[in-house]
Amino acid sequence: MVEIKTAGELDAMREAGRIVGRALQEVVKHAAVGVRLAELDEVAAAVIAEAGATPAFLHYHPSFAPTPYPKVICASVNDVIVHGIPGRSRLRDGDLVSIDCGAYLDGWAGDSAVSFTVGMPRARDVELISVTEQALQAGIAAMTPGNRIGDIGHAIAQHAVAGGYGVMVDFGGHGIGRRMHEDPHVANYGRAGRGMVLRAGMTLAIEPMFVAGGDGAYQVDRDGWALRSVDGTRAAHVEHSVAVTDDGPRILTLP
Ligand code: MF3
Ligand code: CO
């Protein structure tokens, strides 16, 4: 079931998304060489708590994971693609960091992610992040009424192909609304003109995650959560929660 939100409900989702955007903004501000990932988790937790919102990831237990998620953010460094659990390890010079965060406010979910480097960046990482961001914008631009889910995945994958990057087959975007993960699944690849027709009032989390190495193969860490590239190459992940409207796509997770 895909729920069509009213204009008022989209405004409520915007407020949930704004808190996620602010949490990510604060995390990026605090991230630097030498900072522990767990400190970044505390920064996000504080923003969410002060806003009267609830972390969406904490205790979340999807079927693919062995245990409930133990933190507020995912912090995925270098060859970790997504779902890195922030622990005591410190950021190092030149790290590529992806931070994913979700929150509920007044019964509505927001979900967003950013990627950035700390210290002296590697040119290849800057390029990978830039192309992943372009793919996110292309996916969002495809979210117009009458287009289809496959148009989103197709738009995203074109950027991966152009950059020679790998796309994960098993993970992608998703519907979002009263719950963080709803139907439909939004793959980061697809055939233009195929799949569910988009209608005004649908809300989707669009989240390209590109692996530099090119085949997108991943393995799961021993913690059962972190997804790491098999070839050891780095990955970037960016995400926005977005509404389809008659006036064009509306990004819900900007600060
Ligand atoms: N944005 C991520 C996703 O949609 C959120 C993962 S939530 C976690 O898959 F709790 F499972 F980490
Ligand atoms: Co998501």
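The values are calculated or read from the model by the stated rules, or taken from the named source; none is laboratory data. Values in this document were obtained by computation on a predicted structure and should not be read as measured data. Heads up, the Cβs are rebuilt from the backbone with ideal geometry, glycines too, and the neighbour counts pull from every protein chain shown. The protein model used for the area step is the full one, side chains on, heavy atoms only, and it has no ligands, DNA or RNA in it. Shrake-Rupley method; radii C 1.70, N 1.55, O 1.52, S 1.80 Å.
For residue 183, the conditions (1) within 16 Å of ligand 2 (Cβ to nearest atom); (2) closer than 27 Å to residue 25 by Cβ all hold with the exception of (2).
Of the residues making up region 29-45, those that are open to solvent by less than 60 Å² (accessible area, probe 1.4 Å), in a helix (DSSP H, G or I) and out of contact with any Ser or Thr (no Cβ under 9 Å at 6 or more places or on another chain) are 40, 41, 43, 44, 45.
The C-beta contact set for region 51-63 (first residue under 27 Å from residue 170 (Cα atoms), second residue of a type in the set (Ser, Thr, Tyr) and open to solvent by 40 Å² or more (accessible area, probe 1.4 Å), distance under 9 angstrom, 6+ apart or interchain) comprises 55/104; 56/104; 61/67.
Across region 64-73, which residue is nearest to residue 241 (Cα to Cα) among those that are in a loop (DSSP other than H, G, I, E, B) and near ligand 1 (Cβ under 10 Å from one of its atoms)?
First, the residues of region 64-73 that are in a loop (DSSP other than H, G, I, E, B): 64-72.
From what's left, near ligand 1 (Cβ under 10 Å from one of its atoms): 64-65, 68-72.
Working: 64: 22, 65: 23, 68: 23, 69: 20, 70: 23, 71: 20, 72: 17 Å.
Step by step, filter region 64-73, then rank; the result is 72.
Conditions tested, residue by residue: (1) away from ligand 1 (no atom under 14 Å from the Cβ); (2) in contact with a strand residue (DSSP E or B) (Cβ under 7 Å, 6 or more places away or on another chain); (3) part of a loop (DSSP other than H, G, I, E, B).
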position: 194; (1), (2), (3): yes, yes, yes
position: 210; (1), (2), (3): yes, yes, no
position: 214; (1), (2), (3): yes, yes, yes
position: 222; (1), (2), (3): yes, no, yes
position: 225; (1), (2), (3): no, no, yes
position: 242; (1), (2), (3): no, yes, no
position: 255; (1), (2), (3): yes, no, yes
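Considering only region 155-170, I want to know if a residue exists there that is assigned to a strand (DSSP E or B), touching a Pro at 6+ places or on another chain (Cβ under 9 Å) and touching a residue at least 24 places away in the same chain (Cβ under 8 Å). Yes, because at least one residue in region 155-170 is assigned to a strand (DSSP E or B), touching a Pro at 6+ places or on another chain (Cβ under 9 Å) and touching a residue at least 24 places away in the same chain (Cβ under 8 Å).
Take the residues in region 217-230 that are more than 28 Å from residue 254 (Cα to Cα) and touching a Ser or Thr at 6+ places or on another chain (Cβ under 9 Å), then tell me which one is least open to solvent (accessible area, probe 1.4 Å).
Keep residues of region 217-230 that are more than 28 Å from residue 254 (Cα to Cα), which gives 217-224, 229-230.
Okay, now just the ones that are also touching a Ser or Thr at 6+ places or on another chain (Cβ under 9 Å), so 217-219, 223-224.
Values: 217: 37, 218: 64, 219: 87, 223: 65, 224: 15 Å².
Only one residue tops the list, namely 224.
The set of residues in region 182-192 that are in contact (Cβ under 8 Å) with a residue 60 or more places away in the chain and open to solvent by less than 70 Å² (accessible area, probe 1.4 Å) comprises 182, 184. Across region 193-222, the number of residues qualifying as among the polar types (S, T, N, Q) and without any contact (Cβ under 8 Å) to a residue 12 or more places away in the chain comes to 1.
Let's see how each residue does on (1) within 19 Å of the chain's Cα centre (by Cα); (2) open to solvent by 40 Å² or more (accessible area, probe 1.4 Å); (3) not aliphatic (A, V, I, L, M):
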position: 152; (1), (2), (3): yes, no, no
position: 163; (1), (2), (3): no, no, yes
position: 169; (1), (2), (3): yes, yes, no
position: 175; (1), (2), (3): yes, no, yes
position: 180; (1), (2), (3): yes, no, no
position: 208; (1), (2), (3): yes, no, yes
position: 232; (1), (2), (3): no, yes, yes
position: 242; (1), (2), (3): yes, no, no
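Scanning region 74-121 for residues that are crowded, with 19+ Cβ neighbours inside 10 Å, assigned to a loop (DSSP other than H, G, I, E, B) and over 12 Å from the mean Cα position of the chain (by Cα) returns 78, 79, 84, 85, 86, 91, 95, 118. Within region 13-24, identify whether any single residue is within 14 Å of ligand 1 (Cβ to nearest atom) and in a loop (DSSP other than H, G, I, E, B), and answer yes or no. No, because not a single residue in region 13-24 is within 14 Å of ligand 1 (Cβ to nearest atom) and in a loop (DSSP other than H, G, I, E, B). For residue 48, the stated conditions hold: it is open to solvent by less than 10 Å² (accessible area, probe 1.4 Å), within 21 Å of residue 177 (Cα to Cα) and more than 13 Å from ligand 1 (Cβ to nearest atom).
Here residue 165 clears all of (1) closer than 22 Å to residue 62 by Cα; (2) more than 16 Å from ligand 2 (Cβ to nearest atom); (3) aromatic (Phe, Trp, Tyr) except the condition numbered (1).
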